[in-house]
Amino acid sequence: MARRNKIYEGKAKILYEGPEPGTIVQYFKDDATAFNAEKKDVIDGKGVLNNMLSEYFMKGLTQIGVPNHFIKRLNMREQLCKSCEIVPLEIIVRNYAAGTMSTRLGIDEGTQLPRPIVEYCYKDDSLGDPLVSEEHIAAFGWASQQDMEDILSLALRVNDFMSGVMFAVGIKLVDFKIEVGRVYDGDFQRLIVADEISPDSCRLWDMETGRKLDKDVFRRDLGSLSDAYTEVANRLGVMPKTSTTPTKPTLVN
Ligand code: C5P
């Protein structure tokens, strides 16, 4: 059987042409990278976990009316998505200071922010995805004023949804990154959440112990990344619990 046409290979995913026009297949790899790919490893099962988790979050967003690219999961590593034109921005929402915000502004990690803060980075690996202002975005035509209003609204809705979902399982949503894409209905254009939402792109801390359950485990050598992601998946009921009693398997479809 002919192999699907590869559209793009990124650090953690491969995109293939989908079976219908306007669709793509997103394949989740086990590769982990950090610091703009200066640190690399292969983490057995990471792709499966991120595929399942991203499916769970995107389906939840669909349920509450936040448009996104997810159509259906095809298998353990692949999902069918709407194809879209990615806006060249990484949209970061922060509830607590951490990571580059702490370094940049000298705020202790874990400090609660007075309100969610949204930041934009220009998506360009060769430049290390630099932080940009709305002035840059408008001046260079990466997104219009209307796009920026829609992006802000999407980002804050995703934040409320993800914060609530995580709170319910004892996890604090410190920050996360999303990407958005344009889809066209005739002349009409709208923005949807694209790419993935997973522990690769969020900071997730256990509320009781502060244990990190996200990619910082890999970035900072804090132990097993797959254990951390499995913990998130188990708490959300996304993966079957590692139980030997096969009484009530969790069916994921
Ligand atoms: O590194 P920084 O503190 O700016 O990251 C903020 C949030 O955005 C973190 O949750 C991180 O995982 C995510 N992020 C990402 N991809 C990037 C940069 C940041 O998923 N290229």
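Scan the stretch 195-220 and report the pairs whose first residue is under 18 Å from Lys123 (Cβ atoms) and whose second residue is hydroxyl-bearing (Ser, Thr, Tyr) and within 8 Å of the ligand (Cβ to nearest atom), with Cβ atoms within less than 8 Å and a gap of 6+ or a chain change.
Asp195/Ser201; Lys215/Ser201
Go over the candidates Ile178, Ile117, Ile197, Ile171 one by one and state the one that is surrounded by fewer than 16 Cβ atoms within 10 Å (Cβ to Cβ), within 27 Å of Lys11 (Cβ to Cβ) and touching a helix residue (DSSP H, G or I) at 6+ places or on another chain (Cβ under 8 Å).
Ile117
Scan the stretch 73-80 and tell me whether some residue there is open to solvent by 60 Å² or more (accessible area, probe 1.4 Å), away from the ligand (no atom under 16 Å from the Cβ), within 21 Å of Asp200 (Cα to Cα) and in contact (Cβ under 8 Å) with a residue 24 or more places away in the chain.
yes
Restrict the check to the stretch 74-83 and report whether at least one residue is farther than 27 Å from Ala143 by Cβ and in a helix (DSSP H, G or I).
In the first step, residues of the stretch 74-83 are kept if they are farther than 27 Å from Ala143 by Cβ; the result is 74-78.
This time we only want the ones that are in a helix (DSSP H, G or I), so: none.
Taking every residue of the stretch 74-83 in turn, none turns out to be farther than 27 Å from Ala143 by Cβ and in a helix (DSSP H, G or I).
Within the stretch 84-105, restricting attention to residues that are free of Cβ contacts under 8 Å to residues at least 40 places away in the same chain and part of a helix (DSSP H, G or I), which residue is farthest from the ligand (Cβ to nearest atom)?
The selected residue is Leu105.
Across the stretch 7-44, what is the total count of residues that are open to solvent by 60 Å² or more (accessible area, probe 1.4 Å), in contact (Cβ under 8 Å) with a residue 24 or more places away in the chain and assigned to a loop (DSSP other than H, G, I, E, B)?
So the answer is 5.
Looking at Gln189 and the list (1) under 26 Å from Trp205 (Cβ atoms); (2) surrounded by 12 or more Cβ atoms within 10 Å (Cβ to Cβ), which single condition is not satisfied?
(1)
Going residue by residue through the stretch 149-165, is there one that turns out to be outside any helix (DSSP H, G or I), away from the ligand (no atom under 16 Å from the Cβ) and either polar (S, T, N, Q) or not assigned by TED's automatic domain parsing to the domain that holds Val25 (or both)? Reasoning before the result, please.
Filtering the stretch 149-165 down to residues outside any helix (DSSP H, G or I) leaves none.
Checked the stretch 149-165: no residue is outside any helix (DSSP H, G or I), away from the ligand (no atom under 16 Å from the Cβ) and either polar (S, T, N, Q) or not assigned by TED's automatic domain parsing to the domain that holds Val25 (or both).
Report, by residue number, each residue of the stretch 122-142 that is farther than 23 Å from Phe35 by Cβ, surrounded by 11 or more Cβ atoms within 10 Å (Cβ to Cβ) and either among the hydrophobic types (A, V, I, L, M, F, W, C) or within 12 Å of the ligand (Cβ to nearest atom) (or both).
Across the stretch 122-142, the qualifying residues are Ile137, Ala138, Phe140, Trp142.
The values are calculated or read from the model by the stated rules, or taken from the named source; none is laboratory data. Here the structure is a predicted model, which means the values were calculated and not measured. Don't worry about glycine lacking a Cβ; one is built from the backbone with ideal geometry, like all the others, and counts go over all protein chains shown. Note: accessible area is taken over every heavy atom of the protein model, side chains too, but ligands, DNA and RNA are not part of it. Shrake-Rupley method; radii C 1.70, N 1.55, O 1.52, S 1.80 Å.
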